[in-house]
Amino acid sequence: MGVVFMGAGLLLLDQLTILVGMNHHIRPVSEYILRIYLYTLPAYYLLIAGNAVFRARRETAFPLLVMMTVALLNLLGNLTLGLGLWNFPSFGYKGLAWSTFISVICGTFLVLFLLNRHGLLRKTDILQGNAVPSALGGRKKVEAVFKHKSADLTARPTRISCSRQPA
């Protein structure tokens, strides 16, 4: 899906900046930043989907680690490539855009590495388009959850009391 949005955005880049009423003085800058952002979309979608797999398995430490890594890399990239700190050349807005791109790419590789390391990413599932059900415990298990007839999602949960009962 990210590739579709990237392609559509790149094809309609000029029209998008005109549609939002971009001032002609800042249009080249905004088009450059938007172009780099569009290049980032496919990897960003993989990053978000990979983190969602871990959260669905109630393993929230991995998405936290991945997004902290992305944020830290983006911060360091902004300070070095964007602002030119620590004797790096300052690329201004272009450095900021590329810093975001690089940090998202690194985060995507990290989440794919973690998914693979935990056995949640198999080549056969990816080729068949079954990566998410496989990661959640297998297609049959996921289908069984959705076909379970006794599950009433509209029922109110029972109240659980945390107070101590008299002895």
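The set of residues from segment 87-116 being within 16 Å of the chain's Cα centre (by Cα) and of a type in the set (A, V, I, L, M, F, W, C) comprises 101, 102, 104, 105, 106, 109, 110, 111, 112, 113, 114, 115.
A Cβ distance below 9 Å, combined with a sequence gap of six or more or placement on separate chains, defines the contacts here; from segment 3-16, residues that are surrounded by 12 or more Cβ atoms within 10 Å (Cβ to Cβ) reach residues that are among the charged types (D, E, K, R) in the pairs 9/35; 10/35; 13/31; 13/35; 16/31. Check whether at least one residue in segment 11-33 is in a loop (DSSP other than H, G, I, E, B) and under 25 Å from residue 111 (Cβ atoms), and report yes or no. Taking every residue of segment 11-33 in turn, none turns out to be in a loop (DSSP other than H, G, I, E, B) and under 25 Å from residue 111 (Cβ atoms). Restricting 163, 134, 99 to those that are surrounded by 12 or more Cβ atoms within 10 Å (Cβ to Cβ), among the hydroxyl-bearing types (Ser, Thr, Tyr) and modelled with pLDDT under 80 reduces the list to 134. Residue selection: residue 51 satisfies the criterion of being out of contact with any His (no Cβ under 6 Å at 6 or more places or on another chain), under 30 Å from residue 118 (Cβ atoms), in contact (Cβ under 8 Å) with a residue 40 or more places away in the chain and in a helix (DSSP H, G or I). Residue 90 falls short on exactly one of the conditions (1) closer than 30 Å to residue 118 by Cα; (2) free of Cβ contacts under 8 Å to residues at least 60 places away in the same chain; (3) among the polar types (S, T, N, Q), and that condition is (1). For segment 83-96, the condition holds for at least one residue, the condition being that it is hydrophobic (A, V, I, L, M, F, W, C) and part of a helix (DSSP H, G or I). Could you check segment 97-120 and list, in sequence order, the residues that are without any contact (Cβ under 8 Å) to a residue 60 or more places away in the chain and of a type in the set (A, V, I, L, M, F, W, C)? Residues satisfying the conditions are 102, 106, 109, 110, 113.
The values are calculated or read from the model by the stated rules, or taken from the named source; none is laboratory data. Since the model is a prediction, treat every value here as computed from it, not as a measurement. All Cβ positions, even for glycine, are placed from backbone atoms using ideal geometry, and neighbour counts span all protein chains on display.
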